[in-house]
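For reference, the structure discussed in these notes is given below.
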Amino acid sequence: MNTGQRNRLIVTGSLFVLLISASIIFGPTVLLIGLVGLLTSLIIEFLASKARKETFDWTTFWITPLIITLLTTPTIIDQVWMVAVATAFGVFFAKSIWGGQDKNVFNPAMVGLIFIALAFPIYVNSFLDPILKVTTTSTPAFVFKNTPTAVFNSYSLWQLLLGNYAGGLGTTFKLGILVLGSILMILRISDWKIPLTFLGTYFLFSLINFASKGFGFDSFIYALYSLLMGHLLFAAMFVSTDPQTAPLYGKGKIYYGVALGFITWIIQNIWLFNQLAPNTEGIIYSVTFMNAMVGLIDIWTVPKIKQVPLMEEVVE
């Protein structure tokens, strides 16, 4: 087993922990949603490897369907075929036709999620309140965008970390995301530069926004709350750090994280085109946009190498 395979299995294990946590919060049907995604990915990846006449690598098909599952809603069990569609679309069009593992330009999970978000918007904006056991279109992230004081008065930071509220299937358990994401950074499977600059930039713009609206010293706590809304923390820890679709060099990773934070904040907070558009999860769009920019970032941030003297100069 090489390093890439080992790292993929560790990330897969982390995602499985979040999937199990989600099944505790929202119910065991969560596991069925994950199973549908995994089986779809396995079939597409296996057939694609055979078409390329390559040996099938059993570590390559896990991560994309798990991320898609964790970023969907628990109520998608009623249209579970959508998970299969998102997985098949993302794996095939964003990965397989590019040549398979480590050859894709765009994050397959984001491409698959964008497809179902645009094709079936009604189904992906319905959520489950795990306490009341009722379907709702309102989540803390959506309420916070309109009336942040309502979320501040209703949820403590600890409650937001534990995740027992309506939201993305695997993105409400913020404490688990923080712990598992930190472990991946400690093991150097993911690079800390991207999530730190991503979240730091988002926090800074949120702070400026709240301060400009007259929140005063409370702007800091509201900006901190903004980091715990929606998919943001999960995406920073498990999506933006994808080594294949992120920049190669240290300085480029910092630029990448800053741009992700800024673009995500703009999409989720500035209703430029349609003030009624929810856009509470702009991360799937910002990551895909920045994936397209990675080639340029790599060119701009290639480390300078000191000029090597000619052999004749060394001899002299």
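The values are calculated or read from the model by the stated rules, or taken from the named source; none is laboratory data. Remember, it's a predicted structure, so these values are computed and weren't measured experimentally. Because the Cβ atoms are built from the backbone with ideal geometry, glycine has one as well, and the counts that use them run over all protein chains shown.
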Inset, instruction - Go through region 151-165 and give me each residue that's on the phi < 0 side of the Ramachandran plot and not in a helix (DSSP H, G or I). - result: TYR155, SER156, ASN164, TYR165
Inset, instruction - Run ILE67 past the list (1) modelled with pLDDT of 95 or more; (2) part of a loop (DSSP other than H, G, I, E, B); (3) not aromatic (Phe, Trp, Tyr) and report the number of the one that doesn't hold. - result: (2)
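For region 79-104, which positions are of a type in the set (A, V, I, L, M) and either over 19 Å from the mean Cα position of the chain (by Cα) or farther than 22 Å from LEU15 by Cα (or both)? Step through it out loud before you land on a result.
Residues of region 79-104 of a type in the set (A, V, I, L, M): 80, 82-86, 88, 91, 94, 97.
Matches in region 79-104: VAL80, ILE97.
Restricting to region 184-195, name every residue that is in a helix (DSSP H, G or I) and touching a helix residue (DSSP H, G or I) at 6+ places or on another chain (Cβ under 7 Å). Steps first, please.
Quick first cut of region 184-195, residues in a helix (DSSP H, G or I) only: 184-186, 193-195.
Once the filter is applied, which keeps residues that are in a helix (DSSP H, G or I) and touching a helix residue (DSSP H, G or I) at 6+ places or on another chain (Cβ under 7 Å), region 184-195 yields LEU184, LYS193, ILE194, PRO195.
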Inset, instruction - Would you be able to say whether some residue in region 74-88 is surrounded by 24 or more Cβ atoms within 10 Å (Cβ to Cβ), farther than 28 Å from ASN164 by Cβ, hydroxyl-bearing (Ser, Thr, Tyr) and in contact (Cβ under 8 Å) with a residue 24 or more places away in the chain? - result: no
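Restricting attention to region 120-148, which residues are outside any loop (DSSP other than H, G, I, E, B) and either in contact with a Cys (Cβ under 9 Å, 6 or more places away or on another chain) or more than 20 Å from HIS231 (Cα to Cα) (or both)?
Step one: list which residues in region 120-148 are outside any loop (DSSP other than H, G, I, E, B), which gives 121-124, 127-129, 134-136, 140-146, 148.
Correct list: VAL134 only.
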Legend entry - Which listed residue, of VAL143, VAL134, is touching a helix residue (DSSP H, G or I) at 6+ places or on another chain (Cβ under 9 Å) and either closer than 26 Å to PHE89 by Cα or of a type in the set (A, V, I, L, M) (or both): VAL143
Inset, instruction - Need at least 1 residues that are modelled with pLDDT of 95 or more per element, so show me which helices (runs of 4 or more DSSP H) inside region 234-316 make the cut, counting only ones lying wholly within it. - result: 250-269, 283-300
Legend entry - Verdict on ALA51 being at pLDDT 95 or above, aliphatic (A, V, I, L, M) and surrounded by fewer than 24 Cβ atoms within 10 Å (Cβ to Cβ): no
Inset, instruction - Would you point out which residue out of GLY214, GLY176, GLY181, GLY168 is within 24 Å of SER14 (Cα to Cα) and outside any helix (DSSP H, G or I)? - result: GLY168
